[in-house]
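Engineer: Just dropping this structure here.
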Amino acid sequence: MRKIYKIGIGVGIAFTVLSVVYVGLIFYVHTYNQQGHQEWDLENYSIDDCFWANKDTNGYLEKICKYIIENKIGGANEPTKYGITGSQEQEYKGREVIAVFLNCCYTGDVAYIDKETQEVIGFRLGDM
């Protein structure tokens, strides 16, 4: 009886350890994939890739994608994979802009769109 009890405890401990490792790996992979600051090859993208099947109503994602590619902003998320988490009006370099908050990377990347011309005039990588 004691032998079966010890085997049961051993199996239970092994199962618990494997479960913790499995959950840790899932968390690590999810976190890594969400960071978005993985290396991607700017040379493999052109502004023609900035087509959005589900365009946002203002066309911001396409403009931001083109801005990243044209300005060769390394360290940003893959330009075709962004989504918008929010926006707000503010001042940027003395101009009235719409700050577009993107779904990438720690505190989030931000694009600044001139309120009057609707052009992207700046981009900031999220803090790590």
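Engineer: In percent, what relative contact order does segment 42-124 have, based on Cα pairs under 8 Å that are 6 or more apart in sequence? Can you show the working numbers first?
Structural biologist: On the way: 123 pairs, mean separation 16.4, N = 83.
The value is 20 percent.
Engineer: From the P(r) of segment 42-92, could you give the percentage of C-alpha pairs in the tail past 13 Å?
Structural biologist: Considering segment 42-92, 57 percent of its Cα-Cα pairs are separated by more than 13 Å.
Engineer: Could you give the length gained on full extension between Glu89 and Asn44, defined as 0.36 nm per residue of separation minus the Cα-Cα distance, in nm?
Structural biologist: Values: separation 45, 0.36 × 45 = 16.20 nm, distance 3.33 nm.
Answer, rounded to one decimal: 12.9 nm.
Engineer: Going by amide H atoms built from the backbone, whose H comes under 5 Å of the H on Ser87, apart from near neighbours?
Structural biologist: Result for Ser87 returns Phe101.
Engineer: Pull up the cross-link candidates among the aspartates and glutamates for Lys63, meaning alpha carbon to alpha carbon under 16 Å and not fewer than 8 places away within one chain.
Structural biologist: List returned: Asp48, Asp49, Glu78, Asp109, Asp114, Glu116, Glu119.
Coordinate-derived values only; no laboratory data. Just so it is clear, the structure is predicted and the values come from calculations on it, not from any experiment.
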